[in-house]
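See structure below.
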Amino acid sequence: MELRQLKYFIKVAETLNFSAAAKELFVTQSAIAQQIMHLEQELELQLFERNSRQVSLTEAGRLLLPLAIKTVNNSQECKQQLIDLKDMKTGELNVGVTYSFSSVVSETMLDFFKKYPGIKINVMYTHMSKLIDELIKHNLDIALAFKPSDTHPNVESEVLFHSHLAAIVNEYHPLVEKKSVTLSELSRYNLALPSRGLQARNAFEDIIAGKDYQFRVKLEINNIHMLFRLIRNTQFVTVLSESTVINEQGLKAVKIDEPGNVMVGCLHTLKGAYLKASAKEFIKMMQQTTSRILTQPLQ
């Protein structure tokens with residue numbers, strides 16, 4: 001059973017005239033008659049009673065007509081929805097984000113919503129390993145996180161920007177006037193650090209490995225918003241990527257002066273997987289956002 005056959009059937013049922021139906025559909029009368037015959041043969045039922053004077057629907061024809069109309073309408077609706085999806089008038093986009101990317105992603109989402117209000121964005125905030133798992137399971141279209149030390153064979157990573165690990169303090173902290181801070185200086189302050197396993201904490205553990213410093217870690221937490229609130233209201237210091245505090249009022253990032261202190265912000269996708277139009281556009285806008293708000297290259 002083909003859509004074309006159903007369309008021909010509907011038109012003949014409406015006009016009860018093969019010649020009139022053919023004219024309205026801009027096909028030959030023989031083409032319509034042949035397709036109706038094929039449909040009747042497939043169903044093993046006669047759909048029209050035909051004689052020299054008139055055409056009328058059989059019982060099977062009357063039963064098929066509303067079903068055929070519904071099927072054709074559904075096919076047209078399906079086609080329209082796919083066109084809307086291609087034109088990004090509808091659809092969903094699943095984005096995974098680590099906490100360090102919150103500010104950068106928020107900027108992009110605001111721009112995206114203005115341009116494509118019909119698309120729903122589902123955002124998952126979690127740690128890097130969870131994002132990669134969800135990406136591999138096809139539960140995410142794209143993931144935004146710093147480049148991991150261990151790459152996954154099924155994941156492609158595109159560099160968005162370079163950042164540094166930094167001491168994050170409030171605007172009244174003694175470190176706020178400094179351009180950079182050494183590990184030795186950092187060891188003099190009470191620290192509130194992101195929990196172990198998070199990317200900024202992993203990067204911090206890497207740069208202090210083998211160093212003979214005793215850090216005063218008073219708190220570990222996996223909630224970035226609670227961590228920011230703590231830093232704004234105390235003299236605690238936390239350690240995060242510089243990019244984490246973009247557009248965060250009352251917070252200052254002071255670069256940690258240590259060799260190898262570079263964090264690479266990446267956009268991760270599943271290797272070889274189909275990338276929907278909305279994901280491609282979000283990636284493009286993300287690239288524009290990072291180049292705009294990170295105006296100066298970080299060395």
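Quick grid of which residues meet (1) over 17 Å from TYR274 (Cα atoms); (2) among the aliphatic types (A, V, I, L, M):
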| residue | (1), (2) |
| --- | --- |
| THR90 | yes, no |
| LEU93 | no, yes |
| THR98 | yes, no |
| SER102 | yes, no |
| LEU131 | yes, yes |
| LEU144 | yes, yes |
| SER157 | no, no |
| ALA167 | yes, yes |
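Checking the condition crowded, with 20+ Cβ neighbours inside 10 Å and either touching a Pro at 6+ places or on another chain (Cβ under 8 Å) or of a type in the set (Val, Ile, Thr) (or both), which residue from VAL55, VAL12, VAL72 passes? That would be VAL12, the only listed residue that is crowded, with 20+ Cβ neighbours inside 10 Å and either touching a Pro at 6+ places or on another chain (Cβ under 8 Å) or of a type in the set (Val, Ile, Thr) (or both). Only a single criterion out of (1) at pLDDT below 90; (2) outside the structural domain of LYS7 (by TED's automatic domain parsing); (3) over 25 Å from ASN223 (Cα atoms) is not satisfied by ASN74, namely (2). Specify which of the listed residues (SER103, SER129) is surrounded by fewer than 18 Cβ atoms within 10 Å (Cβ to Cβ), more than 13 Å from the chain's Cα centre (by Cα), within 14 Å of GLY265 (Cα to Cα) and touching a residue at least 12 places away in the same chain (Cβ under 8 Å). The match here is SER103.
Determine, yes or no, whether GLN249 is farther than 28 Å from VAL159 by Cα and more than 24 Å from the chain's Cα centre (by Cα). Walk me through how you get there before you give the answer.
Details: farther than 28 Å from VAL159 by Cα: no; more than 24 Å from the chain's Cα centre (by Cα): yes.
Answer is no for this residue.
Out of LEU65, LEU93, one residue alone is touching a helix residue (DSSP H, G or I) at 6+ places or on another chain (Cβ under 6 Å), in a helix (DSSP H, G or I), aliphatic (A, V, I, L, M) and at pLDDT 85 or above. It is LEU65. So, of the residues in the range 139-151 that are under 11 Å from the mean Cα position of the chain (by Cα) and part of a loop (DSSP other than H, G, I, E, B), which turns out to be farthest from LEU93 (Cα to Cα)? Step by step, filter the range 139-151, then rank; the result is ASN139. Within the option set ALA166, ALA192, ALA200, being part of a strand (DSSP E or B) and farther than 16 Å from PRO259 by Cβ holds for one residue only, ALA192.
The values are calculated or read from the model by the stated rules, or taken from the named source; none is laboratory data. It should be emphasised that the depicted structure is a prediction, and the values quoted were computed from it without experimental measurement. Here the Cβ is made from the backbone with ideal geometry for all residues, glycine too, and neighbour counts use every protein chain on show.
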